[in-house]
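> The structure under discussion is supplied below as structure tokens; questions concerning it will follow.
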Amino acid sequence: MKDVPANVTRATHLLVLVVDDDPDVRQVLSWALEDAGFDVMTAADGRTALAQAEVRPPGVVVLDHGLPNADGTHVAAGLRQICGEHLPILIVTADGRAAEKARRAGAYGFLHKPFDDAVLVGAVRRGFALGY
């Protein structure tokens, strides 16, 4: 059995944290996930994502790797310190090195922007299946 951090409860596993510096992308991702029945919170940068995870640990993170001031690898490491090593993280990126970025961040998967809402929802569902 995986060790579950004390601040993680069953209820937090229903929550997706979307981290992207583009407000339009954050909104579209949030709407797609909410329409699929997920609870969603959003962050525009790594610092905000870490602060939100401290208060409400997510069950899955959708993380833009190209954030200003901190790349996705560093943000993923910080989120795992807060939420536990087994936190499922999905990397999204607009460049052609998504697989490499996902590997460096320890993500379970990656999506190239742009992508279809159904692909996002399926990938997030896979993340929940991998979680605690």
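Every read-out reported here was derived from the displayed coordinates using simple, explicitly stated rules and does not represent laboratory data. Please read these numbers as outputs of a predicted model, since none were measured by experiment.
> Assuming a ≥ b ≥ c are the square roots of the Cα gyration tensor eigenvalues, decide whether the range 73-132 counts as rounded (a/c under 1.5), prolate (otherwise, with a/b larger than b/c) or oblate.
Cα axes put the range 73-132 in the oblate bin.
> For the range 30-80, what class follows from the C-alpha gyration tensor (a ≥ b ≥ c being the square roots of its eigenvalues): rounded when a/c is under 1.5, otherwise prolate if a/b is larger than b/c, else oblate?
Verdict is prolate for the range 30-80.
> Running a GNM on the chain with Cα contacts under 10 Å, which residue among THR93, THR48, THR73 ends up with the highest mean-square fluctuation?
THR48
> Amide H of LEU67: which non-local residues (sequence gap of 5 or more, or other chain) have their own amide H closer than 5 Å, using H built in the peptide plane?
Sorted by chain and number, the residues that satisfy this are GLY72.
> Hey, another quick one. Rounded, prolate or oblate: which fits the chain, taking a ≥ b ≥ c as square roots of the Cα gyration tensor eigenvalues, rounded meaning a/c under 1.5, else prolate when a/b beats b/c?
rounded
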